[in-house]
Amino acid sequence: MTIVSVVRLGLDYGAAATKAVIALPGRDPTPLRFDGALTLPSAVLIEPGGDLVVGLAAWRRASEHPQRFVPAPARLAHLPTIDADTDVVPVVDLIAATLRRVATEAATHSGGPVDEVMLTVPAGWGPHRRDLLRRAAHTAGLPNAQLVPAPVAVAWHLLAHAPVADSPILVCDLGAGTTATVLRRRPGGFDILSTIEEPDAGGMAVDLAVLDAVTARARAAAPADQTTGGESPDEVSWYADLDQARTAKEALAHHTSVVVSLPHPLPAVSLTRPILADTAGLVLARAADTAHRTITAADLPTDSPLQVCCVGAGALLPGAVEALAQRLPAKPTVVDEPHHAAARGAVARPTETQTVAQPMQMPDGRDVAVAVGAAATAGAMTVLFLADTNTNTTGNGTIQFAPWGLLASAAVHITIAVITIALLMPWLAPGALPSTAGSRWRLPILLPAAAAAAGATVLAIATIITAVGHLPINTILAWTVLPVLPVAVGAAAAGLATRRDPPPPWRWLDRLRPPLIPLALGATALMVIHATGDATSLALPATLALPIGALLYAGAVVGLLTTTIVARLLFAVPIAPAALLLAVADAGAILAVGYAAAIATWWIIRAVNPPTSHETPP
């Protein structure tokens, strides 16, 4: 049960129908009614004068102006405008018209404007369509609407009524189309593991199939002389007939049979649940296939338990649960009030300003190891650089010898440490995930900011090294700032790449985590190679240290640039001898620059080649 202290509106704007639940202070949430019904059709009719008619009125007048009727504006959200006969209408205005009707009903019910608006959005929608929905809500008089992924809202609805297990949840939303989403519980919320939308596997496709079925039955029952000649009824009043089919389909959720009236001269025919189940069979089979593919895309362990929940009007169709059960590993259950599950969950979800009691989530140990190891390596390399440079520097400040490779490597590892610390933010603040509405720490902001912070840190340390070692600033900057510049740019580009239509957010985090083993190999290789030529260091025999260092260096580079064993072996064959030759020639600086280039390439690969929803985390 959800009790709120402010007026909160949960709004589920669907392709075919819009549902809304309002919660008043101290009272249970209540679904809003529209013309006596619990759902408001999302259809919009554009009148010749430019006025917009919504809901049932739009359907009833669709046959008057079929070229001006838009049955599902949400499916046009990728377009800026549409042509309606002679008019050009912004899609945002069509969506806003329906939301405005909801706002009016909410204000009537509550006696004033609502304080908080929780607006559901399809899980697969990217920034462009999400922004359009926000602008539509603002235009409709619902400013500052918080977007909630619809399947996440359903999960909050489940959680409001009973504890939700930690096992993954498959939410099958059988609405105008079918959207299947796999969720995973985490402290403070839910992660989206995978989501697939199939527009032709839902209620709209069933409506068309029902219309075809009842028309065929009516033609078969009518005398032959009444079904020949002239225009067929469905060509004259197709939208009216489709509305009849849609209404009959919805009525069968509560009745065993209904009578469907068709235009003269066709007779009325009876539509029963068995006929509906047979008619919708192919559509439901596509819905089941969509759900099955979503589970596969989530890449769940084979022994992982799974909860399957069905929502949407299609969940009440005869045979819907049975069709899903044939393709899924767990028995589906229909959520109470499947029409309003998302809207109720949007009301139940904590807002951005609420504090959610949750245990501290421990960060991944690999991230901690990379951050600590990179920082410690940078410190050790900096100390060695200063020690060797001071030993081999004349009193007039002219550098006779300096291990520039160590300095460049130190700067690169400082950059890695700062960026990795930034990637720990999602565990310290769960709102960091890029798909979380209202997130304060988003990866498109976090990584570029971390890259800039890393550059500033390197610049500050370079200044300190210059002062401590009495070294020329220009040379120090050349060997610190320039090597890290491509690394920082690559990391920033990888962060900006997460603005695309998101694959599951934790996939980005896994994919953007700097790789522990290649970094450890690279740092060790450069330290070992340096140690062979420096009496103040760990003086290892060159005949042993240089080959070991070259092999470690090759392992680091191929680990950064390739993913398969075959590719790594092929690349290691030329890289290891080349690294050995450079080490023998005391060209550690070239090795350090190559190492920095490999790290920068690792980031750039992630910027131009985003993960897919079914990709296995590295």
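The values are calculated or read from the model by the stated rules, or taken from the named source; none is laboratory data. Just so it is clear, the model here is predicted, and its values are computed rather than measured. Virtual Cβ from ideal backbone geometry, glycine too; neighbours counted across all protein chains shown. These accessible areas exclude ligands, DNA and RNA; they are computed on the full protein's heavy atoms, side chains included. Shrake-Rupley method; radii C 1.70, N 1.55, O 1.52, S 1.80 Å.
If R0 is 41 Å, what FRET efficiency do you get for R135 and S304 from their C-beta distance, rounded to 0.05?
Efficiency, rounded to the nearest 0.05: 0.55.
Output needed for segment 1-65: three equivalent-ellipsoid semi-axes, defined as square roots of 5 times the C-alpha gyration tensor eigenvalues, in descending order, whole Å.
31, 11, 9
Ratio of segment 99-149's C-alpha Rg to 2.2 N^0.38 Å, to two decimals?
Taking N as the residue count of segment 99-149, the ratio is 1.16.
Tell me the per residue accessible area of segment 119-222 using a 1.4 Å probe; a whole number in Å² is fine. If you can, show how the numbers build up before the last one.
Numbers: 3510 Å² over 104 residues.
In whole numbers, segment 119-222 has 34 Å² accessible per residue.
If packing is taken as the average number of other Cβ atoms within 10 Å across a peptide's residues, how do 452-463, 251-262, 520-531 rank, most packed first?
Highest-to-lowest ranking by the protection proxy: 520-531, 452-463, 251-262.
Leaving out ligands, DNA and RNA, and with a 1.4 Å probe, what % of the accessible surface on segment 130-224 is carbon or sulfur?
The computed percentage sits at 53.
Quick one: which residues, 5+ away or cross-chain, put their amide H under 5 Å from the amide H of F34? H built at 1.01 Å from N.
T39
Above 12 Å lies some portion of the pair distances; for segment 122-171, what is it as a whole percent of all C-alpha pairs?
Tail fraction, whole percent: 70.
So, how do all the Cα-to-Cα distances of segment 31-93 break down into 5 Å bins, in percent, from 0 on up?
Result, from short to long distances: 4, 19, 28, 23, 16, 7, 3, 0 percent.
Taking only the alpha-carbon atoms of segment 69-196, what semi-axes of the equivalent ellipsoid follow from 5 times the gyration tensor eigenvalues under a square root, in whole Å, largest first?
Each semi-axis is √(5λ); the values are 29, 20, 12 Å.
Considering the alpha-carbon set of segment 246-303 alone, what are its Rg and its Dmax in angstrom?
17.5, 59
Taking the dipole about the Cα centre of segment 69-154, with the C-beta of Lys and Arg at +1 and of Asp and Glu at -1, give me whichever of G112, P151, P73 is farthest to the positive side.
P151
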